[in-house]
Amino acid sequence: MVFERLSFTYDINKLHSYFKDIVIPIGDPICPIAPGFGGWSVTSSNGNWQDGWRKSNETVKPPHEYNVPTELCVGYMKEVLEDIKNKGLHPVKVRINNLPPHSKSSIHRDYPANKFKARLHIPLLTNKHCCHILYSETGVEQSRIHMAADGSVYMFWANIKHQYVNDSNENRYHIVMDVTDTVGITENFKCITQ
């Protein structure tokens, strides 16, 4: 299984209020590589919301180094992260990603195929024209999913080839973080040793 919808949810209205009242006023999203793709860091390596966005040739630090709360780790977002941590998922490199209208990422993988790396998504603002696509090693589409912005929480493998697509006229925003399930809260993403 490459995607999993987890058994718990968060209050989407509180997340929308957090985004509108806290995130948007802090400044435009950091967009270091593709025009428009980027976002805001909720945790970073130095506590600044602008840290952690890789520029084209920059070496990325290991995810566990992005664990310092930024000025965006407040209110309901802080409660959500504490709950995820208390569930045993160990969130790091927490961000709010933006994908502009009519755009898509390259087909890529965030970690080597031999590394155990899962990513958690909480869709914040999205629509049915936005999806995640997972690919085989040869580039054949294997799975496609739209993640509804209703408070649901999703997991997928970040160490396999994937792409995100926004074929709509609206920005798509997701809360995204690397997690490790060491207690077995997920069905398909358990990691007993890490």
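The values are calculated or read from the model by the stated rules, or taken from the named source; none is laboratory data. Source: prediction; values computed, not measured. Reconstructed Cβ throughout: ideal geometry from the backbone, glycine too, with neighbour counts over all protein chains shown. Note: accessible area is taken over every heavy atom of the protein model, side chains too, but ligands, DNA and RNA are not part of it. Shrake-Rupley method; radii C 1.70, N 1.55, O 1.52, S 1.80 Å.
Points worth noting:
- Using a cutoff of 8 angstrom between alpha carbon atoms and counting only pairs six or more residues apart, the relative contact order for the range 1-141 works out to 23 percent.
- About the centre of its Cα atoms, the chain shows a dipole size close to 340 debye [charges on the beta carbon of Lys, Arg (+1) and Asp, Glu (-1) only; nearest 20 debye].
- Estimated translational D of the chain in µm²/s (Stokes, Kirkwood radius over Cα pairs; 37 °C; 0.692 mPa s): 195 µm²/s
- Candidate lysines - alpha carbon under 23 Å from Lys161, same-chain residues fewer than 8 apart omitted: Lys55, Lys61, Lys93, Lys104, Lys115, Lys117, Lys128, Lys190
- Among Pro100, Gly75, Val42 the positive-end extreme of the charge dipole of the chain (Cβ point charges): Pro100
- Annotation: amide H of Asp181 within the under-5 Å range of Cys191, sequence separation 5 or more or interchain, hydrogens built in the peptide plane.
- Global size of the range 1-111: 14.5, 38 Å for Rg and Dmax (C-alpha atoms, Rg to one decimal, Dmax whole).
- Exposed GluC sites (Glu not before Pro) absent: longest stretch of the chain, with sites in DSSP loops and at most 11 other Cβ within 10 Å deemed exposed: 59-136
- Semi-axes of the equivalent ellipsoid for the range 54-129, computed as √(5λ) from the eigenvalues of its C-alpha gyration tensor and ordered from largest down, come to 22, 19, 14 Å.
- Of the listed residues Trp49, Trp157, the order by accessible area with a 1.4 Å probe, largest first, is Trp157, Trp49.
- Normalised per residue, the volume of the convex hull around the Cα set of the range 90-194 (Å³): 101 Å³
- Fluctuation leader among Asn166, Asn127, Asn13 - the chain, Gaussian network, Cα springs under 10 angstrom: Asn13
- Sorting Phe156, Phe116 on solvent-accessible area from highest to lowest, probe radius 1.4 Å, gives Phe116, Phe156.
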